[in-house]
Structure formats: structure tokens, C-alpha cells
Amino acid sequence: MPCTVKSPVLLITVNVIEVMKAVKLSARLRAISEFIDDGASVADIGTDHGLLPVYLAQTGLAGRIFASDISAASLDAAYRSASEYNVTDLITFIAAPGLDGISPAEVDTIIIAGLGGETILSMLTNASWTKDNGIKLILQPQSKVDLLCRFLYDHGYSILETKSVIDRSKKYTIIHAMGGYLENEKR
Ligand SMILES: C[S@@+](CC[C@H](N)C(=O)[O-])C[C@H]1O[C@@H](n2cnc3c(N)ncnc32)[C@H](O)[C@@H]1O
């Protein structure tokens, strides 16, 4: 409902509160965001509601933000989230399966969260450029964590850290990996 109060001072205050509305992340998404480096160029694959890209845009943590999803309905939801928080201009929305819509030259950090381990590994298999040294992968499989770790180990990636997070009584594993092998690592 429009504000009918005549005082310009009060009107300005109300508008400032609207602009400052901050997106709230779940414990799981918050834990994922903690792996992102300042100024990173981030692609969130299977973004769905787009809350993580919105958070990155609002906090200024990422330099560039790509929100990608195979589903038009999910991408619409992501766009609506970004509109609600006034950050649509800061996010590039991509409708594509896996990493198909992502240009390797434009990203240094890839997030794939909330999908099954087998789906994640098939996305990585279809985008072999993710094995390039320096590409940071933040993966949160909903299932088959061990299978995904084994895949990473066997196919040209290094696992730097895994972290568990409890969100609404459910345990999730976040894998921080990178393309390429660590120095002195024999396979
Ligand atoms: C459970 S949601 C996860 C949302 C968000 N990443 C999170 O962790 O909260 C899964 C999303 O992945 C998308 N998805 C499923 N398969 C995909 C694929 N092959 N390529 C891209 N997106 C996919 C679905 O459309 C859905 O929006």
C-alpha cells in the first residue's frame, strides 16, 4: 500500500529500509558462500531460486556472477529473487544444461550445489575445461559423496578440503576442489 504520510523525512527513511533489504541464506548456502574468494567470477550451476547469486550481488563478494539452470521455471524464480532484491543488473542469467552456457574465459569459480553426485560428475565430464589449473570448484552433492570424490581424484582434479554443515538437522558435505593436480602429487 502506498505510504500516505506527508513528511518527506519519513518517506526517505522508508525507502532506505527497502533498498537495504538483505537476502538471508540457509546455513548450507552460507557455508558454501564462505569458500568464495573476494572478487571471484562465479557461476552457480543449477541455481534454482538464485539466492546464492543474489547474496553475492548484494554483498559485493563476487566480481562477476552467472546464474545458470536447465529449467526455465527455475531461472524465472532466480530472476524474481534478483528483482525482489534489486540486483538483476549484477547477474547474468543463463538457460542451459550443466556448464554448457558458461564460457571458461569468464569464470574462475564454479558452484554446483543441491544436485546428486552423479549429476555433478556428469556435468564436469561434459566440461573438461574445468580440469584446468586454477578453476575453483565448490560442490555440494546431495548423494554419492564418495563416488564424486573418487571421480575427482581419478579425473584430474584435486580435493583441497571437505566441510560438513548441519542445516535443519540434515548433514551436508561441501567439497572444495580445483582443476589440476597439486604440486608433487603422484597419481
Ligand atoms: C535442488 S535445486 C538446487 C538449488 C541450489 N543450487 C541450492 O543448492 O539450493 C536443483 C536445481 O538444479 C537444476 N538442474 C537439474 N539438472 C540440471 C542440469 N543438468 N543442468 C543445470 N541445472 C540442472 C534444477 O532445474 C533445479 O533448479
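Distance from a point 7 Å along Cα→Cβ of Ser41 to each backbone N in the range 108-148: keep the residues under 13 Å and list them by number.
Zone members listed by number: 108-110, 135-136.
Among Arg168, Arg150, rank each residue by its count of other Cβ atoms within 10 Å, from fewest to most, as a rough exposure measure.
Ascending Cβ contact count within 10 Å gives the list Arg168, Arg150.
Take the chain, mark every one of the GluC sites (Glu not before Pro) that falls in a DSSP loop and has at most 16 other Cβ within 10 Å, then report the longest stretch left between them, sites excluded. Write down the numbers at each step before the final one.
On the way: sites that count: Glu34, Glu183, Glu185.
By the stated rule (loop sites, at most 16 other Cβ atoms within 10 Å), 35-182.
Extension gain Ser122-Ser71, at 0.36 nm per residue separation less the Cα-Cα distance, in nm?
Net length gain for the segment: 16.6 nm.
Once R0 is set to 41 Å, what does the formula 1/(1 + (r/R0)^6) return for the Cβ-Cβ distance between Ala95 and Ala22, expressed as a FRET efficiency to the nearest 0.05?
Details: r = 27 Å, r/R0 = 0.66.
Plugging the Cβ-Cβ distance into 1/(1 + (r/R0)^6) gives 0.90.
For every helix of n ≥ 4 consecutive DSSP H residues, a contribution of -39,500 (n - 2.57) applies; sum these over the chain, divide by its total residues, and give [θ] at 222 nm rounded to the nearest 500 deg cm²/dmol. Spell out each step's value before the answer.
Values: 6 runs with 60 residues, N = 187.
Computed ellipticity for the chain at 222 nm equals -9500 deg cm²/dmol.
For the range 23-179, what relative contact order do you get, as a whole percent, if you take Cα pairs closer than 8 Å and at least 6 residues apart?
Details: 328 pairs, mean separation 33.4, N = 157.
So the answer I get is 21 percent.
Every read-out reported here was derived from the displayed coordinates using simple, explicitly stated rules and does not represent laboratory data. A quick note: this is a predicted structure, and the numbers were derived from the prediction, not measured. We place every Cβ from the backbone using ideal geometry, glycine too, and count neighbours over all the protein chains shown.
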